[in-house]
Amino acid sequence: MVPDRAFNEFVLKFANVNGSGSASANLLCAKALFRMGLPVSPKNIFPSNIQGLPTWYEIRVSEAGHLARRAGIDVMVAMNPQTYARDVAEIVPGGTLIYDSTLRRDFGREDIRQIGIPIAGLCADAWSDLRERQIFKNIVYIGALSWLIEIDIDIIEQLIAEQFKSKPKLVEPNFKALRIGYDYAHAYIDGRLSVRARKSNGTAGKIMISGNEAAALGAIYGGATVAAWYPITPSTTLTESFERHAGRLRRDNNGMLRAAVIQAEDELSAAGIAVGANWNGARAFTATSGPGISLMSEFIGLAYFAEVPLVLFDIQRGGPSTGMPTRTQQSDILACAYASHGDTRHVLLIPGDPGECFTFSADAFDLADRLQAPVFVMSDLDIGMNDWVVDELKWDDNRRFDRGKVLDAAKLEAVSEFARYRDVDGDGVPWRTLPGIHPGKGAYFTRGTSHTDTGKYTEDGVVHAAMLDRINAKFETAKSLVPKPVTRILSSKSRLGIINYGSTDLAVREAISLMGREALGVNHLRLRAFPFSDEVADFIGRHDFLFVVEQNRDAQMRHLLIAEAGIAAEKLVPVTNYDGFPLTAQFLVDAIRSAIHRDTRIADASAPPLTAASMGQPR
């Protein structure tokens, strides 16, 4: 009898070669587990070339809801001989290795179960076409796995039928491959694995979706009609998803498409198109990653100084320069907060999962219009390109777009003098007009050069400084408009806290759980926006030490907190990881152990006191 602890708490990993067709098969496995009611967290770890290099796909299954990436693999399906040594080393003692035994191998580990399946041979017997043999190898191992850990094969077949609905001739061959693997495992493998899946209800009311697709839907519901882009990993699928959904949801009663997706010649041009479309009254955006932000900086500065709404999605990846295009990081925080030359500060929205990608995406367009400024949605590759399990996306059909301070023809008639860049309400935000709104009023020059409050050119330094101060006042206004942080006060007596943002939240929450009851002395705040609201300062003020968790080398958010919130540097303990992989809870636990071991003042700030002894020695 398999103990309960072996059910629904494990990590699967598939080791393949890029371009072998494995991605869709591995996704089938994740979706089947999800449809069985199991919370899953798939991570696609792939190279930046087209094909030939190693690729991995991890699926963490956790009915308890611990869905951060976890080191240590319970079941490894190793299909790439080039990475055998690395893959086998990752398997936990007592875990399982599944491999293609068409050629015999010696893996040198006696503490794991080794299951050889002659996958290539089985495919050679079933298909004569070389490409079919290669493709169906992936489905064969999914079939074998479905028997070994009891994934419902009927659900997998249902998913195959859905996937190939438009190509029905491919359904039966995939069914055949699935059954070949299942039947072989059933007939020739002695007993199922020690970890298994059984049906549950942990995904009721949930969906599986990537952050990029959720953000694209948010843009649709937020009123976007223009997307200008230049392809760059990992943001490309956001614009592709927008185009696909616009084809369904952006058509008028006559079936005419009411959206434009424009691929520009480079990132700078894409930003320029988006600025022009917003100036004309459309809701437009561009999606890119760190290298694109660098190239777009000139138009970002124009939008800031000319006060044109602009939404930018930055799906962060490993940098600097070309860096690691297919690895995740949070390394564009400072670049976006101060994008462009001169004195600039920009609004950043920082979603923690695809659900927030949807809501923050829609909110970004309202914010950009209200503030007449660029607004960045700061996602990353882990959120953007991987599928996450989140609550079903919800939208209030009664919600109306907030276009901010726009004068229509009637309002212009009532105004004695229109001054485009004059603050008449004391919030830093002037009134604007849209082109062609009135035959005689509301016209002005949009300049990137210094200008007066009526839009006239000037080189008067005093006037220029006053304009910069007035624009900066909008940043104070933004503090009350951006999403508030999420706080968890686990101990009212504790003076020790954790600050994080974005995709690191799953790992932080699991780390707090792993630390056991001593962790009740650690409070938690997740940042969701810049500028920082008053709640951030309040949380920091009630603690002596705060661990700032980030996925970049230079602790960029820590620097922003020091510079913009006036926090003493010694209060903020950097916890950084920048190897390109999604953060694990164990890494955070070890980092906190190390910090306590180095400095007893940190342990003394918790309640109950955390000590090096109670936390264990750093590993």
* Any chance you could count how many residues in the stretch 24-44 are over 19 Å from residue 384 (Cβ atoms) and either touching an Asp or Glu at 6+ places or on another chain (Cβ under 7 Å) or without any contact (Cβ under 8 Å) to a residue 12 or more places away in the chain (or both)? => 4
* Criterion: β-branched (Val, Ile, Thr) and in contact with a strand residue (DSSP E or B) (Cβ under 6 Å, 6 or more places away or on another chain) - qualifying residue of 471, 498, 512, 437 -> 498
* Subset of the stretch 379-396 (residues that are part of a loop (DSSP other than H, G, I, E, B) and touching a strand residue (DSSP E or B) at 6+ places or on another chain (Cβ under 6 Å)) -> 386, 392
* Considering only the stretch 311-345, state which residues are touching a Gly at 6+ places or on another chain (Cβ under 6 Å), small (Gly, Ala, Ser) and not in a strand (DSSP E or B). => 319, 331, 340
* Report yes if some residue within the stretch 287-300 is among the hydrophobic types (A, V, I, L, M, F, W, C), in contact with a helix residue (DSSP H, G or I) (Cβ under 8 Å, 6 or more places away or on another chain) and more than 24 Å from residue 342 (Cβ to Cβ); otherwise report no. => yes
* Structure fact -> Output for Cβ contacts, cut-off 8 Å, separation at least six or different chains, first residue assigned by TED's automatic domain parsing to the domain that holds residue 412 in the stretch 424-438, second among the polar types (S, T, N, Q) and not in a loop (DSSP other than H, G, I, E, B), reads 427/477; 428/472; 428/477; 429/477
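Given the residues 457, 444, which is the only one that is of a type in the set (Phe, Trp, Tyr), at pLDDT 95 or above and not assigned by TED's automatic domain parsing to the domain that holds residue 306?
It is 457.
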* Is the stretch 410-424 home to any residue that is in contact with a His (Cβ under 7 Å, 6 or more places away or on another chain) and in a loop (DSSP other than H, G, I, E, B)? -> yes
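State whether one or more residues within the stretch 143-159 are modelled with pLDDT under 95 and under 20 Å from residue 79 (Cβ atoms).
Looking through the stretch 143-159, none of the residues is modelled with pLDDT under 95 and under 20 Å from residue 79 (Cβ atoms).
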* To do: Under 6 Å between Cβ atoms, at least 6 apart or on separate chains: pull out the pairs that start in the stretch 484-506 with a residue that is modelled with pLDDT under 95 and end on any residue that is part of a loop (DSSP other than H, G, I, E, B) and buried (at least 24 other Cβ atoms within 10 Å of the Cβ).
  => 494/606; 496/522; 496/606
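One line per residue, one yes/no per condition, for (1) under 21 Å from residue 550 (Cβ atoms); (2) crowded, with 23+ Cβ neighbours inside 10 Å; (3) aliphatic (A, V, I, L, M):
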{"position": "326", "(1), (2), (3)": "yes, no, no"}
{"position": "329", "(1), (2), (3)": "yes, yes, no"}
{"position": "346", "(1), (2), (3)": "yes, yes, no"}
{"position": "359", "(1), (2), (3)": "no, no, no"}
{"position": "381", "(1), (2), (3)": "yes, yes, yes"}
{"position": "387", "(1), (2), (3)": "no, no, no"}
{"position": "396", "(1), (2), (3)": "no, no, no"}
* Asked: So which residues in the stretch 452-473 are in a loop (DSSP other than H, G, I, E, B) and either in contact (Cβ under 8 Å) with a residue 60 or more places away in the chain or not polar (S, T, N, Q) (or both), if there are any at all?
  -> 453, 455, 456, 459, 460
* For residues in the stretch 553-575 being in contact with a strand residue (DSSP E or B) (Cβ under 7 Å, 6 or more places away or on another chain) and not in a helix (DSSP H, G or I), which is surrounded by the fewest Cβ atoms within 10 Å (Cβ to Cβ)? -> 553
* Asked: Do we have residue 573 as under 25 Å from the mean Cα position of the chain (by Cα), among the hydrophobic types (A, V, I, L, M, F, W, C) and within 30 Å of residue 472 (Cα to Cα) here?
  -> yes
* Asked: Condition test on residue 15, is it in the same structural domain as residue 163 (by TED's automatic domain parsing), over 21 Å from residue 133 (Cβ atoms), touching a residue at least 24 places away in the same chain (Cβ under 8 Å) and touching a strand residue (DSSP E or B) at 6+ places or on another chain (Cβ under 7 Å)?
  -> no
* So, in the stretch 419-429, of the ones that are out of contact with any helix residue (DSSP H, G or I) (no Cβ under 6 Å at 6 or more places or on another chain) and buried (at least 20 other Cβ atoms within 10 Å of the Cβ), which residue ends up farthest from residue 480 (Cα to Cα)? -> 420
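Residues checked against (1) over 24 Å from residue 487 (Cα atoms); (2) at pLDDT 95 or above; (3) in contact with a Leu (Cβ under 9 Å, 6 or more places away or on another chain):
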residue	(1), (2), (3)
289	yes, yes, yes
296	yes, yes, yes
299	yes, yes, yes
306	yes, yes, no
326	yes, yes, yes
329	no, yes, yes
341	yes, yes, no
* Of all residues making up the stretch 255-273, the number that are among the hydroxyl-bearing types (Ser, Thr, Tyr) and in a strand (DSSP E or B) -> 0
* Scan the stretch 506-552 for residues that are assigned to a strand (DSSP E or B) and of a type in the set (S, T, N, Q) and report the count. => 1
* **Test for residue 403: is it in contact (Cβ under 8 Å) with a residue 60 or more places away in the chain, out of contact with any Leu (no Cβ under 6 Å at 6 or more places or on another chain) and not hydrophobic (A, V, I, L, M, F, W, C)** => no
* Asked: Is there a residue being aliphatic (A, V, I, L, M), surrounded by fewer than 21 Cβ atoms within 10 Å (Cβ to Cβ), in the same structural domain as residue 215 (by TED's automatic domain parsing) and more than 25 Å from the chain's Cα centre (by Cα) anywhere in the stretch 275-296?
  -> yes
* With respect to the numbered conditions (1) under 14 Å from residue 487 (Cα atoms); (2) of a type outside the set (Ser, Thr, Tyr); (3) under 24 Å from the mean Cα position of the chain (by Cα); (4) surrounded by fewer than 20 Cβ atoms within 10 Å (Cβ to Cβ), which one is the sole condition not fulfilled by residue 580? -> (1)
* Asked: In the stretch 524-539, is there at least one residue being without any contact (Cβ under 8 Å) to a residue 24 or more places away in the chain, exposed (fewer than 15 other Cβ atoms within 10 Å of the Cβ) and under 29 Å from residue 581 (Cβ atoms)?
  -> no
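The values are calculated or read from the model by the stated rules, or taken from the named source; none is laboratory data. It should be emphasised that the depicted structure is a prediction, and the values quoted were computed from it without experimental measurement. Using ideal geometry, Cβ is built from the backbone for each residue, glycine included, and neighbour counts are taken over all protein chains shown.
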